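I have placed the structure first, in the form of structure tokens, so that the comments after it can refer back to it.
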Amino acid sequence: MAMARADGIAALGGEEGMGLRLGGAGGVYFLAEPGELRVQVYKQDGNHRDVPTHLRALLFGPDRTVLQEAWLSDDGVGKGQPGEPQSALLVVPVPAKGVYGLNITVTNDRYGTEAWWGFRTNCPKFLVETSRGHRDRRHEEPIVVRNPEQEGDICFRPEPQGFKVELSGVPTGDQPVVLYDAAGHAVQELAVDATGKAAGEIPADPTRSPAPWRLHLPKFQATVQIDGVTRWRSGDLSPNLSLWTPDPESWFPFLENRWPLTPYSRTLYGDAGASQELRFTVGNNSREAQEFALNVEYPAAPWPVVLSDQRVTVAAQDKKTVTVQATLPATGDAHTCRLRVEPQDGSGFSTYSTITFRRGVAPAASPLPIPLDLRPYQHENEQFGYLPAYPLDNQVYFDQENRPFVAADAGLWARREGRWQLTPWQVGGQPARMRLNKVAFDAANRVYVIGTVDSQPALLYSADNGKTLAAAPIPGGGSFDIEQFSGHNVPEGPPPFIRIVRTARDEKLIWRSLNDLDLFVPRWENGAVVVGDPVRLSTLCLGLSNHSGIPSSIVSRDGKVHVAWAEATDPAEKVPGVPTYVATYDRQTGILNKPQLVGYGPPANDVHNTPCITMDSKGFLHVLIGTHGRTFRYSQSVLPNDASGGWTPAEEVGPGLSQTYVGLVCAPDDTLHLVFRLWLPHGDRFPASSYGSLAWMSKRPGQPWSAASPLVLAPFSEYSIFYHRLTIDHRGRLFLSYDYWSTFWFYRTDHPGNRRALMFSPDAGTTWGLVADRDFATVGTVPRP
């Protein structure tokens with residue numbers, strides 16, 4: 001299907017013009033040889049809706065440096081007939097062989113239904129990745145092609161466990177769609193019915209070669225679903241990677257080598273003679289063990305870079321760590337090298353990561369200009385040299401001596417004796433695991449985490465600063481939240497926690513469910529923790545949304561436990577939003593006061609609207625009522641340490657703000673600090689489309705809420721999420737952990753693991769910066785107000 005042109009650009013879908021017309025978004029990966037890489041990008045507006053669609057094309061290198069960017073604007077035609085194709089030519093030098101990429105996004109069109117895109121290239125080896133924005137359902141990436149005037153092929157890697165092929169929107173006619181195996185033999189003919197649909201099924205074959213099969217369409221127009229390629233099941237080799245090509249000759253073994261070496265780049269800072277060790281991961285995404293060769297290349301003069309291994313054998317679907325010791329020479333302001341990786345399978349695949357060592361102090365060591373402007377593929381390390389030694393698995397919490405703790409999949413991290421130490425999740429030699437990533441402490445400085453032991457929920461606890469763990473079983477299952485320090489709450493004994501058990505799901509409203517909400521008030525008996533019997537708070541709890549904001553559901557003081565939650569309502573009932581309730585439970589008397597309605601967070605029946613509760617130094621309760629893309633509501637208790645004494649009228653914290661995911665703490669001076677996702681309107685940053693930011697507000701006692709101040713800006717328009725978690729230490733410093741994710745799967749899947757970073761403000765939000773290891777050195781008993 002690819003034909004050479006005089007300008008060296010392969011003509012995909014025809015000799016001239018736009019060629020391929022692809023639906024969805026996504027992009028292309030190229031295995032480029034040294035020389036010049038040329039990519040012509042095309043866009044045609046469908047004008048199905050009256051929305052402006054601007055295509056953004058980013059061409060990046062193996063180390064994810066963006067080499068060239070182009071925008072193709074909306075055609076201005078408006079709703080009606082398709083517009084004329086537009087194009088932009090991207091040309092970059094290729095100094096060394098590697099995997100380059102083309103990232104395609106379109107404003108107001110994250111599902112790829114409003115504009116067609118296509119490309120031509122002079123690179124003979126390429127794969128298309130069809131990737132839209134995420135949906136809150138099973139991930140699927142159907143391949144959409146619209147070239148009915150010609151025949152065409154969809155070449156893909158077949159799954160050994162068997163797969164179905166389903167097509168719709170196929171032009172009807174006498175000719176069937178034909179599926180060919182890697183040897184070119186016709187495996188199956190798929191007859192097209194009168195509705196334009198065709199389907200086939202291939203049985204499992206564990207010995208099936210990963211060489212590409214070819215689906216041939218007499219008229220290249222269809223929406224195509226293929227198991228293992230556009231939708232994924234348990235056991236599929238490459239979930240979420242919708243890679244294919246219209247040209248069998250362009251195939252290269254990218255699926256087997258999807259993340260052969262990560263991170264893609266590392267930027268270091270230091271003085272002459274400084275030496276740093278870096279860790280890289282060699283990944284094998286294939287079905288068989290693979291040997292990889294590693295070596296260091298220097299674009300300019302060599303400098304001291306030492307590899308721990310030059311050959312690494314990695315098991316199938318596994319990874320191994322190698323280290324690199326880099327030393328900054330006495331001369332020169334910056335030194336760069338390439339760390340090359342090559343599978344020893346004869347395929348010719350090869351790519352690299354880069355290491356750059358700069359003279360001087362990393363910008364991350366100082367307060368940074370706010371907001372942090374994340375750029376595509378250029379986040380905290382690439383821009384600021386951020387490369388901490390502390391764990392970044394989750395948010396950080398502080399014990400009574402202000403020592404930091406982080407709960408991770410591998411165990412409980414704690415900074416003791418001046419270094420981070422990991423306690424694996426074990427109870428008496430029996431494996432355990434983390435169930436909730438909050439870490440709580442009591443007045444005696446004992447440590448608590450909600451976990452699981454032998455498939456049973458348990459309250460894990462430690463009386464020796466997290467060095468060893470014991471467990472108290474929790475009856476039943478469900479999801480949990482535990483009281484953690486949010487500024488002025490330190491329980492005398494084991495912290496109370498809640499259990500949420502779903503009892504009904506609403507098939508029509510995705511964010512509505514019914515849940516039983518129970519409170520547990522554990523206690524110490526004979527040197528061990530007993531969780532006690534549950535106290536039923538509600539049978540209409542809406543659930544808990546805590547992946548972002550990680551809101552506090554519970555605060556307590558002097559034996560009074562206060563719980564905030566949101567409730568579901570009858571969908572037929574007209575209500576202004578999700579009702580938020582607070583109830584007080586007395587540890588001494590065992591009496592639960594009547595739940596108090598604090599206010600409503602729009603829209604109704606949306607679990608995103610999880611509230612957050614904290615308290616100030618005087619014991620007054622403060623509640624933020626969650627919303628989803630609307631303005632939060634704030635209310636304060638009339639009486640200290642009592643939810644039943646009345647509440648101030650719920651007021652908007654910032655009229656007109658599009659807010660989601662509450663994160664709230666209270667500082668030593670009783671200032672409230674709030675962090676949340678904030679949608680910002682289009683402007684110079686992105687034409688015709690909103691974008692996400694991570695923003696901060698504060699409220700001093702007796703004062704109104706401050707204006708919203710963005711702290712971090714998303715590198716892409718449309719939907720974004722930051723998975724942010726706001727915590728506070730006993731000196732009032734604000735710690736904000738976040739992990740940016742775009743809606744676009746092409747960007748999501750390119751980076752394995754998380755991108756979590758930790759920023760903080762030592763001065764109540766006046767300045768912000770990225771946390772350095774030295775910022776954890778302040779320990780010791782902290783006076784309570």
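The values are calculated or read from the model by the stated rules, or taken from the named source; none is laboratory data. Since the structure is predicted, the reported quantities are computational estimates derived from the model, not experimental observations. Cβ atoms come from the backbone with ideal geometry, glycine included; neighbour counts cover every protein chain shown. When the accessible area is computed, the model is the full protein with side chains, heavy atoms only, and any ligands, DNA or RNA have been set aside. Shrake-Rupley method; radii C 1.70, N 1.55, O 1.52, S 1.80 Å.
Of all the residues that make up the range 292-320, how many are open to solvent by 70 Å² or more (accessible area, probe 1.4 Å) and within 31 Å of the chain's Cα centre (by Cα)?
Within the range 292-320, residues that are open to solvent by 70 Å² or more (accessible area, probe 1.4 Å) and within 31 Å of the chain's Cα centre (by Cα) number 5.
In this structure, is N108 part of a loop (DSSP other than H, G, I, E, B), closer than 25 Å to R685 by Cβ and not aromatic (F, W, Y)?
Against the criterion (part of a loop (DSSP other than H, G, I, E, B), closer than 25 Å to R685 by Cβ and not aromatic (F, W, Y)), N108 qualifies.
Which ranges mark the strands (runs of 3 or more DSSP E) fully within the range 315-366 that have 2 or more residues being touching a residue at least 60 places away in the same chain (Cβ under 8 Å) and touching an Asp or Glu at 6+ places or on another chain (Cβ under 8 Å)?
334-343, 351-359
Read through the list (1) among the hydrophobic types (A, V, I, L, M, F, W, C); (2) part of a loop (DSSP other than H, G, I, E, B); (3) surrounded by 21 or more Cβ atoms within 10 Å (Cβ to Cβ), then give the number of the only condition that A389 fails.
Condition (3) is where A389 drops out.
Counting only residues that are small (G, A, S) and in a strand (DSSP E or B), which one in the range 547-562 is farthest from the chain's Cα centre (by Cα)?
Ranking the qualifying residues of the range 547-562, first place goes to S556.
Check the range 226-235 and report whether any residue there is touching a Phe, Trp or Tyr at 6+ places or on another chain (Cβ under 7 Å) and among the aliphatic types (A, V, I, L, M).
The answer is yes, given that some residue of the range 226-235 is touching a Phe, Trp or Tyr at 6+ places or on another chain (Cβ under 7 Å) and among the aliphatic types (A, V, I, L, M).
Name the residue that is modelled with the lowest pLDDT, counting only residues in the range 761-785 that are loosely packed, with under 11 Cβ neighbours inside 10 Å, part of a loop (DSSP other than H, G, I, E, B) and within 32 Å of the chain's Cα centre (by Cα).
So, considering only residues that are loosely packed, with under 11 Cβ neighbours inside 10 Å, part of a loop (DSSP other than H, G, I, E, B) and within 32 Å of the chain's Cα centre (by Cα), the one modelled with the lowest pLDDT is A777.
Conditions tested, residue by residue: (1) at pLDDT below 95; (2) out of contact with any Phe, Trp or Tyr (no Cβ under 7 Å at 6 or more places or on another chain).
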residue: N257; (1), (2): no, no
residue: Y269; (1), (2): no, yes
residue: G283; (1), (2): no, no
residue: R287; (1), (2): yes, yes
residue: K319; (1), (2): no, yes
residue: Y352; (1), (2): no, yes
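In the range 512-546, what residues are in a loop (DSSP other than H, G, I, E, B) and modelled with pLDDT of 95 or more?
Those that are in a loop (DSSP other than H, G, I, E, B) and modelled with pLDDT of 95 or more: R512, V521, P522, V531, G532, D533, P534, L542, G543, L544, S545.
A407: touching a residue at least 40 places away in the same chain (Cβ under 8 Å), among the small types (G, A, S) and surrounded by fewer than 19 Cβ atoms within 10 Å (Cβ to Cβ), yes or no?
Criteria not met by A407.
Yes/no matrix, rows are residues, columns are (1) open to solvent by 10 Å² or more (accessible area, probe 1.4 Å); (2) not aliphatic (A, V, I, L, M):
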| site | (1), (2) |
| --- | --- |
| V91 | yes, no |
| A96 | no, no |
| N103 | no, yes |
| N122 | yes, yes |
| K125 | yes, yes |
| V128 | no, no |
| S131 | no, yes |
| E149 | yes, yes |
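Scan the range 577-586 and tell me whether some residue there is modelled with pLDDT of 95 or more, part of a loop (DSSP other than H, G, I, E, B) and open to solvent by 40 Å² or more (accessible area, probe 1.4 Å).
no
Within the range 255-289, track down each residue that is among the small types (G, A, S) and open to solvent by less than 40 Å² (accessible area, probe 1.4 Å).
Across the range 255-289, the qualifying residues are S265, G270, A274, G283, S286.
Counting just the residues of the range 202-254 that are of a type in the set (S, T, Y) and surrounded by 19 or more Cβ atoms within 10 Å (Cβ to Cβ), which one comes out nearest to E189 (Cα to Cα)?
Across the range 202-254, the extreme among qualifying residues is T223.
Here is a list of conditions, (1) touching a Ser or Thr at 6+ places or on another chain (Cβ under 6 Å); (2) modelled with pLDDT of 95 or more, and G27 meets all of them except one; can you say which number that is?
Among (1) touching a Ser or Thr at 6+ places or on another chain (Cβ under 6 Å); (2) modelled with pLDDT of 95 or more, G27 violates only (1).
With the requirement that a residue be closer than 26 Å to N489 by Cβ and in a strand (DSSP E or B), what does the range 710-735 give you?
Those that are closer than 26 Å to N489 by Cβ and in a strand (DSSP E or B): L711, R725, L726, T727, I728, L734, F735.
Of all strands (runs of 3 or more DSSP E) completely enclosed by the range 22-75, which ones contain at least 2 residues that are polar (S, T, N, Q)?
Result: 35-45.
Taking the condition part of a loop (DSSP other than H, G, I, E, B), within 28 Å of T65 (Cβ to Cβ) and at pLDDT below 95, does S234 pass?
Taking the combined requirement at face value, the residue does not satisfy it.
Could you say whether any residue in the range 449-463 is outside any strand (DSSP E or B) and under 28 Å from L736 (Cβ atoms)?
Within the range 449-463 (the criterion being outside any strand (DSSP E or B) and under 28 Å from L736 (Cβ atoms)), the answer is no, since none of the residues qualifies.
Take the residues in the range 718-738 that are more than 18 Å from C666 (Cβ to Cβ) and either open to solvent by less than 10 Å² (accessible area, probe 1.4 Å) or of a type in the set (A, V, I, L, M) (or both); name whichever of them is farthest from the chain's Cα centre (by Cα).
S737
Do you know which of the residues in the range 466-508 that are open to solvent by 40 Å² or more (accessible area, probe 1.4 Å) and part of a loop (DSSP other than H, G, I, E, B) is nearest to P534 (Cα to Cα)?
Checking each candidate, the answer is P475.
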